[in-house]
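The values are calculated or read from the model by the stated rules, or taken from the named source; none is laboratory data. Source: prediction; values computed, not measured. Cβ atoms come from the backbone with ideal geometry, glycine included; neighbour counts cover every protein chain shown. Ligands, DNA and RNA are stripped out before the accessible areas are found, and what is left, the full protein with its side chains, is counted by its heavy atoms. Shrake-Rupley method; radii C 1.70, N 1.55, O 1.52, S 1.80 Å.
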Amino acid sequence: MKVLVIGGAGYIGSHVSRMFLDRGYSVTVYDNLYSGCRENIFPEAKFVKADILDYSTLEITMKGGFDALIHLAALKAAGESMSIPEKYALNNISGTINILNAASITGVKIIVFSSSAAVYGEPEYIPLDEDHPTNPENFYGFTKLEIERLLEWYDRLKGIKYAALRYFNAAGYDPEGRIRGLEKNPQNLIPVIMEVATGKREKLQIFGDDYPTEDGTGVRDYIHVTDLADAHIKALEYIHSHKESLILNLGSETGLSVLEVLETARKVSGKPIPAEVTKRRPGDPARLVASAVKAKGVLGWNPRYSDPGSLLSTTWKIYGSSG
Ligand code: UDP
């Protein structure tokens, strides 16, 4: 099968592309390299360097004839989305409209889309299942929810079947160490910890230790990118055989606090990793933990690398040997 991986040079996209190649798919990566890296594009993949706002290149590329699109191209800094919403509206929402229009014109019938747990907002109950109300707390989450609604309409009107995969906190690196591109200017906990461990940053700021959690720090559900990649393939294969759209949470169903992540990183790296407690980051919920019962049941998916040791050791393998 032939897949177009839009955003395939990014952190998650490169892991997804790698796994599609490993499973014998023909892969074309479409990426503007804004946050993705050229070293994340594998020699076996074709590469189109272009933006999703460039409609004509999207349409010309899709005329190559693809069985499915994997759409991971997006801006993802929740904080920035609140100060510059225009940028997120344009890139995430308008960019996806281009993708959907090009898909309808060129006859692509399957889209696997990177959605986010950010569509839920402040949890009303834990674990969060797919029926939990969607009330995004930041504009980034709003763009993901709007795209899910667009997908639903293009399914209804144009017969494009989709999987909206609501990722919880993506983490880890390819266990075989084949993906070496580091995120530029990361804001997320694990890459920030890694930059402290390698001396690129002075210390970790722990955003609040007065949350109603076991140790007072924020609890998240970290899911390994290799497990995420596997879910993309399973979702595509499911849609291909069942001709049915899906909305699925992808998480490990386990909560880890900031301090638990930090302790594991210290153990795995053998580095002291200095940290200080600062004030809470606005908009951060105390605890987010997924129910992934649906993905497990429907796709037969089971995370294999999402225990704290594997999450941190696969990441340290890359950061610890970089630069
Ligand atoms: N966090 C932190 N310091 C940082 C980055 C994140 O204490 O430099 C905390 C954050 O408050 C949250 C958790 O780590 O409780 C995960 O944050 P991240 O930005 O990785 O993902 P989010 O859940 O916000 O999407």
Quick one: net charge around GLY107, please, counting Lys, Arg +1 and Asp, Glu -1 for every other residue with C-beta under 11 Å from its C-beta. +2
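Sorting LYS63, LYS294 by accessible area (1.4 Å probe), largest first, what list results? Mind dumping the intermediate values first?
Details: LYS63 135, LYS294 80 Å².
Most to least solvent-accessible, the answer reads LYS63, LYS294.
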Most fluctuating residue of GLY300, GLY36, GLY218 in a GNM of the chain with Cα springs under 10 Å: which is it? GLY300
Assign one of three labels to segment 159-235, namely rounded, prolate or oblate, based on the Cα gyration tensor with a ≥ b ≥ c the square roots of its eigenvalues; rounded applies when a/c is under 1.5, prolate when it is not and a/b is larger than b/c, and oblate otherwise. oblate
5 Å is the cut-off here: which amide hydrogens, built 1.01 Å from N in the peptide plane, fall below it relative to VAL112, excluding neighbours closer than 5 in sequence? LEU69, ILE70, HIS71, ALA163
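Calculate how many DSSP beta bridges within the chain are antiparallel, expressed in % of all such bridges and rounded to the nearest 5. Let's see the in-between values first.
Working: 2 of 39 bridges.
Taking every DSSP beta bridge within the chain, about 5 percent pair in antiparallel fashion.
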What ³J(HN,Hα) values, in whole Hz, does the Karplus curve 6.51 cos²θ - 1.76 cosθ + 1.60 give for segment 121-126 when θ = phi - 60°, with x put for Gly and Pro? x, 4, x, 8, 7, 10
From a point 7 Å beyond the Cα of HIS240 in the direction of its Cβ, which residues of segment 1-34 have a backbone N at a distance under 13 Å? 1-4, 20-27
Mind giving me the nanometre distance, one decimal, between the label points for GLU122 and LYS46, set 7 Å out from Cα along Cα→Cβ? 4.9
State the volume of the convex hull built on the alpha-carbon positions of the chain, expressed per residue in Å³ and rounded to an integer. 121
In segment 200-284, the GluC sites (Glu not before Pro) that sit in a DSSP loop and have at most 16 other Cβ atoms within 10 Å of their own Cβ are GLU202, GLU214, GLU244
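Under the rule that an exposed site lies in a DSSP loop and has at most 16 other Cβ atoms within 10 Å, name the longest stretch of the chain with no chymotrypsin sites (Phe, Trp or Tyr not before Pro) of that kind, not counting the sites themselves. Walk me through the intermediate numbers first.
Details: sites that count: TYR34, TYR125.
Answer from the scan: 126-323.
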Among GLY121, ASN169, GLY218, whose Cα sits farthest toward the positive end of the charge dipole of the chain (+1 at Cβ of Lys/Arg, -1 at Cβ of Asp/Glu, about the Cα centre)? ASN169
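Express the accessible area of the chain per residue in Å², computed with a 1.4 Å probe while the remaining protein chains stay in the model.
Result: 42 Å² per residue.
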Can you tell me how segment 109-224 classifies by the Cα gyration tensor, rounded, prolate or oblate, using a/c under 1.5 as the rounded cut? oblate
Determine which residues of segment 1-26 fall in the zone a paramagnetic label at TYR34 would reach in this model, i.e. backbone nitrogen under 17 Å from the point 7 Å along Cα→Cβ. 6-14
To make sure I understand the rule: partners must be lysines, Cα under 23 Å from the Cα of LYS2, and not fewer than 8 residues away in the same chain. Which ones qualify? LYS46, LYS49, LYS63, LYS109, LYS158, LYS161, LYS234, LYS243
Potential lengthening between ASN101 and ARG304 on full extension [0.36 nm per residue; Cα-Cα distance subtracted]: 69.5 nm
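So, with +1 on the Cβ of K and R and -1 on the Cβ of D and E, and no other charges, what is the size of the charge dipole of the chain about its Cα centre, to the nearest 20 debye?
Details: 36 positive and 40 negative charges, 186 e Å.
That gives a dipole near 900 debye.
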Okay, helix-only estimate at 222 nm for the chain: each DSSP H run of n ≥ 4 adds -39500 (n - 2.57), divide by all residues, round to 500 deg cm²/dmol; what do you get? -11000 deg cm²/dmol
Placing one equal point scatterer on each C-alpha of segment 152-300 and summing with Debye, one gets log10 I(q)/I(0) at q = 0.12, 0.16 Å⁻¹ equal to -0.62, -0.96
Would segment 1-106 count as rounded, prolate or oblate if I go by the C-alpha gyration tensor, calling it rounded below 1.5 in a/c and otherwise prolate when a/b exceeds b/c, oblate otherwise? oblate
Per-residue HN-Hα couplings for segment 51-68 [Karplus 6.51, -1.76, 1.60; θ = phi - 60°; Hz; x = Gly/Pro]: 9, 6, 7, 8, 4, 5, 5, 4, 5, 4, 4, 5, 5, x, x, 10, 6, 7
Charge sum, other residues only, whose C-beta stays under 14 Å from LYS203's C-beta, Lys/Arg counted +1 and Asp/Glu -1: +1
